[in-house]
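For reference, the structure is listed below as structure tokens.
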Amino acid sequence: MNYWELKLAVFVSDKVPEIVMGDPGRFRQVITNLVNNSVKFTLKGHIFVQVHLAEQKKDGDKNDTCLNGGSESIISSSAFHFKTLSGYETADSQNTWNTFKHIIADNGLYYESATKVVNDDLSRDVTVMVSVEDTGIGIPLKTQDRVFTPFMQADSSTSRKYGGTGIGLSISKCLVELMGGHISFISRPKIGSTFSFSVSFLRCEKHAVGDLKKSHSDDLPTSFKGLNAIIVDDKPVRAAVTGYHLKRLGIRAEVVSSIKRAAATLGKNGSVVSKKLDMILVEKDLWISEDVDLNLHFPDINQNGHMYKLPKMILLATNITNTEHEKAKAVGFSVIMKPLRASMLAACLQQLIGIGNKSRGKDMCNGSPSLRGLLCGMKILVVDDNRVNRRVAAGALKKFGAEVECAESGKAALALLQLPHNFDACFMDIQMPEMDGFEATRRIRELESIANEQQNGVLNCDGGTKRHMWHMPILAMTADVIHATLEKCLKCGMDGYVSKPFEEESLYEAVSKFFESKPNSDK
């Protein structure tokens, strides 16, 4: 798959409490399953995750196009003019800027921790609604009534082309209902799908907040608070998402629709505006489409004989070629790649404008010495057809000092693991097209068995003792943590599993036990 055209974004309403009482494992699992499904079936456009309170969903006109499918012809160029995250048309015609702006209209200028929200109303439950919107292939009308049936996909060609068994949506429905919630979807062929679910949680009591772990917002640096930014973007939903991440860092942002308007905000006739501006963030596609001379629009500002330093110019890009990157650098842009996360954005801004929490960023990149030592120098193969999963797993393992290589299919993994190889362990997704993780593992074990028999034969002729030289630990990566699946993993020769969504600690704990008795010098 080519993900160059795919945009991924997350927006969480400020009205959602940051700390609630519920089942985080099930909640996280459902979101991961839905996002993984969207990534698998979406080549262009966007995947947009929204989290807000159920009462924030405005009751507009009922959507008449929920399941009508419309024409199954290829999307025309006019699809890029919709007021959505990417400009592509979406299945839920109500889930556009006109609805989204109501959710963000009453948000404050700065991101506030949920403690205030928690204390506002302790007597009521809170119902959280999550939607995962994509502009993928959609679901054919004739199969929409069976999407939550286990092992059911649109047709057999879907499984062959995209991989998977179709159990993810069934598991998601079960998990949502176990939490007392409800899940539904809207899908249109060749347009995309929007899956939504709602779950009620208990609000935290005042005394309980202090006993919980620090929230994610507490981990963000506070040194950006009070900075001012301009977001240059002609897509209002996308601009709002960028503003959301800036606001989490305490950065006040204004949105304009063109570079010319941004220049006008800086000042007129060479005069500086009264508000200090620290950065201008420009979307790459808008910069390319406008094709303007930045030096002409952003000259050095002179006021009363004093030269004023221009704001930091930042280009936001989902993808960028070497030529585009060089051109951007030549005109004064620094490039930040999407998708945006507040922690990642903070680290980038710290480097660009020289403020932020330096020590924490260093600790996050390096990991603790005791954890790094065990995996340091180990070579680990990550096999997954999902590019996002590969990047997450590889990034986590590298933090612990491991050398990581990735493969996007069972066939590619088998080619890398022809004996002799120098891999110490392998994380293997079990649901992949063409050759799944079960079959790949069986073939790897067959290769090892043949090599061990040959080696044992040589040793026996010399009067030696039998020993098995080849057995690389293979750990399944799966969202289907059910007894039958785990039994199948062990039966085909896997040594264990990690459940998706996986965290750094779970990956480390799963693989490190195989190396605890191996000093690094033996490698």
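Numbers for the structure displayed
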{"read-out": "Rounded accessible area of I137 (nearest 10 Å², 1.4 Å probe)", "value": "70 Å²"}
{"read-out": "Most to least accessible of M477, M179 (protein chains only, probe 1.4 Å)", "value": "M179, M477"}
{"read-out": "FRET efficiency, K225 to Q455 (Cβ-Cβ, R0 60 Å, nearest 0.05)", "value": "0.40"}
{"read-out": "Proximal charge balance of M472 [Cβ under 12 Å; K/R count +1, D/E count -1]", "value": "-1"}
{"read-out": "Gain in span if fully extended, D125 to M469, counting 0.36 nm per residue against the direct Cα distance", "value": "118.1 nm"}
{"read-out": "By average C-beta atoms within 10 angstrom, highest first, the peptides 382-395, 14-27, 317-330", "value": "382-395, 14-27, 317-330"}
{"read-out": "Of K7/K40; K44/K83; K488/K513; K7/K44; K44/K235, those spanning more than 18 Å from alpha-carbon to alpha-carbon", "value": "K488/K513"}
{"read-out": "For the stretch 254-261, 3J(HN,Hα) per residue [Karplus equation, 6.51 cos²θ - 1.76 cosθ + 1.60, θ = phi - 60°, Hz, x = Gly/Pro]", "value": "10, 10, 10, 9, 7, 5, 4, 5"}
{"read-out": "Cα gyration tensor, the stretch 386-445 - rounded (a/c under 1.5), prolate or oblate", "value": "oblate"}
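The values are calculated or read from the model by the stated rules, or taken from the named source; none is laboratory data. Computed from a prediction, not measured in an experiment: that's the story for all the values here. Positions of Cβ are backbone-derived with ideal geometry, glycine not excepted, and every protein chain shown enters the neighbour counts. Just so you know, the surface numbers come from the protein's heavy atoms only, side chains and all, with ligands and any DNA or RNA stripped out. Shrake-Rupley method; radii C 1.70, N 1.55, O 1.52, S 1.80 Å.
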